[in-house]
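To keep things clear, I will list the structure first and then write my remarks on it.
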Amino acid sequence: MEIIRQLEQTRDETLTYFALRDDDLARTYASGKWPVRYLLLHLADSETVLFDRVRRILSEPRQVLWVYDQDAWARGLDYSRVPLDISRRVYESVRNAIIYYAGEYYERKGHLEFVHSVTGVRTLRDEFDKVAAHNEHHLAQIRTALSAPAQR
């Protein structure tokens, strides 16, 4: 199934970046944007939010699920201090669970709906697709940050 391939591919690439040196973790993809370290922490946090949504959609379809403020999470959770090893383990285990649920329910129950507080009615399939697309979006930012000449 294509969604499983995408989820595994983005997981595997993302996990490699948690082992970067501090100077690479400090790189940004553009001026004023989050450094690679923050992008990785954001991916781990987003994974937990999206996994919660998947389970809620399966268990209690058609409910309203609220958007979360990623910048507030970065500030409130103090991304400058969160140990990357903890977030790596959270990301990996939650992604593995999402892969399991996608394999079980993407086709069979992908039609189940929920109401996103900002974007409106969406489906379980939409949410699984979002997990992969969101991860790929941030991987592109990380690749850009790492390919840019080092800032001095």
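The values are calculated or read from the model by the stated rules, or taken from the named source; none is laboratory data. Everything quoted here is computed from the prediction, not taken from an experiment. We place every Cβ from the backbone using ideal geometry, glycine too, and count neighbours over all the protein chains shown. Keep in mind that these areas ignore ligands, DNA and RNA; they rest on the heavy atoms of the full protein, side chains included. Shrake-Rupley method; radii C 1.70, N 1.55, O 1.52, S 1.80 Å.
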Quick one: divide the alpha-carbon radius of gyration of segment 86-152 by 2.2 N^0.38 Å and tell me what you get.
1.46
On average, how much accessible surface per residue is there in segment 67-123, in Å², for a 1.4 Å probe, leaving out ligands, DNA and RNA?
58 Å²
At a 10 angstrom cut-off on C-beta neighbours, averaged per residue, how do the peptides 98-108, 66-76 rank from highest to lowest?
98-108, 66-76
Toward the positive end of the charge dipole of segment 31-152, about the Cα centre and with charges on Cβ (Lys, Arg +1; Asp, Glu -1), which of GLY32, ALA102, TYR68 goes farthest?
GLY32
Whole-percent carbon and sulfur contribution to the accessible surface of the chain (1.4 Å, no ligands, DNA or RNA) stands at 51 percent
Which value, in Å² rounded to 10, gives the accessible area of LYS109 with a 1.4 Å probe and all protein chains present?
70 Å²
In the list (1) 38; (2) 22; (3) 31, the entry giving percent of Cα pairs over 25 Å apart computed from the coordinates is (3)
Per 5 angstrom bin, beginning at 0 and ending with the bin that holds the maximum distance, the Cα pairs of segment 39-126 fall in percents of 3, 14, 22, 20, 18, 13, 7, 2, 0
Taking the Cα centroid of segment 32-88 and of segment 93-135, what is the distance between the two, rounded to the nearest whole Å?
15 Å
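So how strong a dipole does segment 27-152 carry about its Cα centre when Lys and Arg Cβ are +1 and Asp and Glu Cβ are -1, to the nearest 20 debye?
In total the dipole reaches around 340 debye.
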Based on a Kirkwood Rh over C-alpha pairs, give the Stokes-Einstein translational diffusion coefficient of segment 1-54 at 4 °C and viscosity 1.567 mPa s in µm²/s.
104 µm²/s
